[in-house]
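Have a look at this one.
Every number in this text was worked out from the coordinates using simple rules, so none of it is lab data. All values reported here derive from a predicted model rather than from experimental measurement. When we count neighbours, we look across all protein chains shown, and the Cβ atoms used for this are built from the backbone with ideal geometry, even at glycine.
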Amino acid sequence: MTTEVKVPTLGESVTEATVGELLKNVGDAVAVDEPIISLETDKVAVEAPSPVAGVIKEFKVGVGDTVEVDAVIAVIEEGAAPAKSSGGDAPKAAAPDAGVEKAAPAQAKEASGSDASQTLSPAVRRAVLEHGVDPSTIKGTGKDGRLTKEDVIAAAEAKKSGGGASAPAASSAPTSTGGERREERVKMTRMRQTIAKRLKGAQDNAALLTTFNDVDMSAVIEARNKYKDLFAKKHDIRLGFMGFFAKAACLALKDVPAVNAYIEGDEIVYHDYVDISVAVSAPNGLVVPVIRDAQDKGFARIEKDIADFGKRAKEGTLTMDDMKGGTFTLSHGGVFGSLMSTPIINPPQSAVLGLHRIEDRPVVVNGEIVIRPMMYIALSYDHRLIDGREAVTALKIIKEAIEDPTRMLIDL
C-alpha cells in the first residue's frame, strides 16, 4: 500500500514554499514522522515528515521546485523493506547532481555516499568538492547533526592552517589555474528573494533617514566585568551588550512613542508594548525573531531569548510565530566588525537601531583628551511618521542610558 506525502500547513497567509533539500533518497527506509524533505518559506525552513513507516518509493519534486500547501511531494511504500545492494548506493545518492560527479567522480561519491548517515544538500556537496575536504571527518552543526556549507568552509580553513582533520588531497579537487575564469549561477533561495523584496520595498515606500551618535561604553563594560560571573551563576546565561541596548530602547520608545509605531493606510498604529525584533544571522540569510513584551522583561530573560534565537537560527528550527510582529528592530553589525552603517527598517516598522563595533578612541572629557571604548550607533527611521527631533531625542535617550545604566533602573 502506498501513501502520499503532502506539503504541510506552512503558517498564516503562507501558501507556497521552495524545496530546499531532500533529506532522504529513493529506497531509504523512514519511520513515522521522520522528516524527508526540507521546505523553505519566506522566513523559515519547514520539514515535511513521513505520515507512515515504510520506504520512499518516489519523490514528485526536486530541489528548487516551488510547491503549494497540500501538493503531493513524495510517495511512501508502507511496510516495505529497503532495497539492498552491494555497492550501488553511492552512485544512486549522487545521481541528482550527476553533472558534479562527472567533474570529480571520486570525491562526488565520497561526498554523497561514503557515510550512509549523511545526506548532503547540493550546496554542501558543491562546497565539499570545491574545498577538497572529507565530509565524514566534519562534525555537522545543522539540524540533527547535518553538515552545513559553513561547516565545510570552517573545516577547509582549519585544514589550511594545519589544524584540520585528514582530508583528500587538495589537488584532487577542481582548482583554478592562472588563465581560468569561472562563473556560477545559483538560484536565489525563497528566503533571499523575500529579503530582497522587503528591503527594496522599504526603500521604495518609506522616507528613510538615518541619524547617528556615539556612545561611551565604559560604564556598561565596567558593569559587565563586575557582575558577569554572578549573573552567569544565578541565571545560567552570559551577560551581553544586547540586554543593555534592549532596555535602553524600551526607555526611548516609551518617551517617543512614534518610534514604536507604524503607518497603516492613512492611520498611525501606536503600541503600548515593545516587541523588539532582533536581527540574527542564519545559514540562509538574516532573520528577525521577536522578543515579546521586552518592556516587562529583565536582563536575564532578554539575554536568554536572544541566545535561544541564535541557537535555533543556526539549527534552522525557528518558526513563523517566532518572527511574527515586532514594533522595533535591533541590528548588531558590530559582531562582524562594522564601524558604521545605515540600517534599513524592517517593514512595517518605522525605525531600526544599528549597533557597531567597540573601539578605543580619543575623546574630550572635562577638557582633557582621554581614551575611551566608543561605539557608533545609528537610528534609521521613516521620516513620513518620525520627525528629526523625535529621532534624535530617542537616540539621545539610548545614549544616555548606556553611558549611565542606573537610568534603566530608575526609569529616567
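Which of the residue pairs K57/K324; K60/K314; K24/K311 have a Cα-Cα distance greater than 32 Å in the structure shown?
On the way: K57/K324 37 Å; K60/K314 29 Å; K24/K311 25 Å.
Pairs exceeding the cut-off: K57/K324.
Which length gain, in nm to one decimal place, applies between A158 and L339 when the Cα-Cα distance is subtracted from 0.36 nm times their residue separation? Don't skip to the end; give the middle numbers.
Working: separation 181, 0.36 × 181 = 65.16 nm, distance 2.75 nm.
In short, 62.4 nm is gained.
Right, another one. Using 7 Å Cα-to-Cβ label points, what is the D65/D360 separation (nm, one decimal)?
6.0
Near K234, which aspartates and glutamates are there with a Cα under 14 Å away, not counting those fewer than 8 places off in the same chain?
E303
Between R198 and D387, how many nm apart are label points set 7 Å from Cα along the C-beta direction?
The modelled label-to-label distance comes out at 3.1 nm.
How far apart, in nanometres, would the label points at A53 and N205 be if each is projected 7 angstrom from Cα along the Cα-to-Cβ direction?
4.9
Roughly how many whole Å is it from the C-alpha centroid of the stretch 325-376 to that of the stretch 239-304?
About 16 Å separates the Cα centre of the stretch 325-376 from the one of the stretch 239-304.
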